[in-house]
Amino acid sequence: MVLAAGRGERMRPLTDATPKPMLTVRGQPLMQWPMQALAREGFTRQLINTAWLGEQISAYFGQQVLWAGLPQVSLAYSHEGQDFGHALETAGGIVRALPQLADVFWVVAGDVFAPDFVFEAEAVRRFAASDKLAHLWLVSNPAHNPGGDFGLSPAGEVLNLSKGASGCDYTFSTIALYKHTFFADCGLPAGNPAGVALALAPLLRAAMDRGLVSGQVYAGAWTDVGTPERLAQLNT
């Protein structure tokens, strides 16, 4: 699942007429980078959620896309804006899409640039065989988030620490694997028929407290393209 429903308020005015994940980074839409990386490793069934100006995304990519040197990708959409008039936040959007997703599935934000990340099939197999419900890739705290999001134990469990606390050395890259069962107790039925908005972070922190979230550090290039300045730096 590629998350592409956000409004991109901090990117205005660039996002007034263009969805944030469709802004150009090094010659192609930002969200196309993770889509191609997924395809490169054989993950050719992808789902995109949309809201703000979402019709531009589906019009651009269509139902199938074939990039040079990569296998053909089949695309499905979850049009939150069309269905409910607003985005459903991360967890609400994932639950909305659950009936279309595999029992174990990738989630990546369409507004994050991580050109070195490899979506390994072995990572999926390893996670599927574990007792964990989510597996996160973490990055060292960037300048815009010095207090961090989480900690990481020597055993590879992600720790629910307060921002700025000792050991809160990592920021969530947005790249993760989930099992359907992670969302079983979120209070929403699969498919989220009422279109309830629900944040992901509280669910992750609750699961961390139960020892159900594993993680690892991703040391490659990574940019949360959250401001026009960061976008300009990538394109310099």
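The values are calculated or read from the model by the stated rules, or taken from the named source; none is laboratory data. Small disclaimer: the values here were computed from a predicted structure and weren't measured. Reconstructed Cβ throughout: ideal geometry from the backbone, glycine too, with neighbour counts over all protein chains shown.
Kindly evaluate Arg7 against the criterion of being under 17 Å from the mean Cα position of the chain (by Cα), at pLDDT below 95 and of a type in the set (D, E, K, R). Walk me through it before giving the result.
Working: under 17 Å from the mean Cα position of the chain (by Cα): yes; at pLDDT below 95: yes; of a type in the set (D, E, K, R): yes.
It is true that Arg7 is under 17 Å from the mean Cα position of the chain (by Cα), at pLDDT below 95 and of a type in the set (D, E, K, R).
When you go through (1) surrounded by 12 or more Cβ atoms within 10 Å (Cβ to Cβ); (2) among the charged types (D, E, K, R); (3) under 22 Å from Gln100 (Cα atoms) one by one for Glu157, which number turns out not to apply?
Going through the list (1) surrounded by 12 or more Cβ atoms within 10 Å (Cβ to Cβ); (2) among the charged types (D, E, K, R); (3) under 22 Å from Gln100 (Cα atoms), Glu157 breaks only (3).
Of the residues in segment 98-139, how many are of a type in the set (Gly, Ala, Ser) and in contact with a helix residue (DSSP H, G or I) (Cβ under 9 Å, 6 or more places away or on another chain)? So that I can check it myself, show each step before the final result.
Of segment 98-139, the ones of a type in the set (Gly, Ala, Ser) are 102, 109-110, 114, 121, 123, 128-130, 134.
Checking which are in contact with a helix residue (DSSP H, G or I) (Cβ under 9 Å, 6 or more places away or on another chain) leaves us with 102, 109-110, 114, 134.
Here the count works out to 5.
Which pairs have Cβ atoms under 7 Å, sit 6 or more apart or on different chains, and link a residue in segment 60-86 that is in contact (Cβ under 8 Å) with a residue 40 or more places away in the chain to one that is crowded, with 18+ Cβ neighbours inside 10 Å and among the β-branched types (Val, Ile, Thr)?
That search, which allows pairs on different chains as well, returns Glu80/Thr50; Gly81/Thr50.
Look through segment 1-16, keep the residues that are basic (Lys, Arg) and over 28 Å from Leu101 (Cβ atoms), and return whichever of them is surrounded by the fewest Cβ atoms within 10 Å (Cβ to Cβ).
Restricting attention to segment 1-16, the residues satisfying the condition of being basic (Lys, Arg) are 7, 10, 12.
Add one more test, that the residue is over 28 Å from Leu101 (Cβ atoms), and what stays is 10, 12.
Details: Arg10: 13, Arg12: 11.
Residue satisfying both the conditions and the ranking: Arg12.
Of all residues in segment 37-81, which are surrounded by fewer than 17 Cβ atoms within 10 Å (Cβ to Cβ), of a type outside the set (Gly, Ala, Ser) and assigned to a strand (DSSP E or B)?
The answer is Arg45, Gln64.
Kindly indicate whether Thr236 is surrounded by fewer than 17 Cβ atoms within 10 Å (Cβ to Cβ) and in contact (Cβ under 8 Å) with a residue 40 or more places away in the chain. Even if it seems obvious, please write down each step before you answer.
On the way: surrounded by fewer than 17 Cβ atoms within 10 Å (Cβ to Cβ): yes; in contact (Cβ under 8 Å) with a residue 40 or more places away in the chain: no.
No, not satisfied.
Kindly establish whether Lys132 is within 20 Å of Ala109 (Cα to Cα), buried (at least 19 other Cβ atoms within 10 Å of the Cβ) and not hydroxyl-bearing (Ser, Thr, Tyr).
Numbers: within 20 Å of Ala109 (Cα to Cα): no; buried (at least 19 other Cβ atoms within 10 Å of the Cβ): yes; not hydroxyl-bearing (Ser, Thr, Tyr): yes.
So Lys132 fails the test.
Restricting to segment 205-233, and then to whatever is of a type in the set (A, V, I, L, M, F, W, C) and more than 19 Å from Ala114 (Cβ to Cβ), can you tell me which residue is surrounded by the most Cβ atoms within 10 Å (Cβ to Cβ)?
First pass over segment 205-233, keeping only residues of a type in the set (A, V, I, L, M, F, W, C): 206-208, 212-213, 217, 219, 221-222, 225, 231-232.
Next cut, more than 19 Å from Ala114 (Cβ to Cβ) only: 206-208, 212-213.
Values: Ala206: 14, Ala207: 19, Met208: 21, Leu212: 19, Val213: 26.
Checked segment 205-233; the qualifying residue surrounded by the most Cβ atoms within 10 Å (Cβ to Cβ) is Val213.
Determine which single condition Gly151 fails, assuming it passes every other condition in (1) surrounded by 20 or more Cβ atoms within 10 Å (Cβ to Cβ); (2) under 18 Å from the mean Cα position of the chain (by Cα); (3) at pLDDT 95 or above; (4) not hydrophobic (A, V, I, L, M, F, W, C).
Every listed condition holds for Gly151 apart from (2).
Would you mind telling me which numbered condition in (1) surrounded by fewer than 19 Cβ atoms within 10 Å (Cβ to Cβ); (2) in contact with a helix residue (DSSP H, G or I) (Cβ under 8 Å, 6 or more places away or on another chain); (3) of a type in the set (A, V, I, L, M) Leu200 fails?
Every condition holds for Leu200 apart from (1).
Pairs under 8 Å by beta carbon, first residue in contact (Cβ under 8 Å) with a residue 24 or more places away in the chain and within 12 Å of Leu200 (Cα to Cα) in segment 172-185, partner among the charged types (D, E, K, R) and buried (at least 19 other Cβ atoms within 10 Å of the Cβ), six or more apart or different chains?
Phe172/Asp149; Thr174/Asp224
Mind checking which pairs have a first residue in segment 191-205 that is under 14 Å from Ala97 (Cβ atoms) and a second that is exposed (fewer than 13 other Cβ atoms within 10 Å of the Cβ), Cβ under 6 Å, 6 or more apart or different chains?
Every condition considered, the pairs that remain are Gly191/Pro99.
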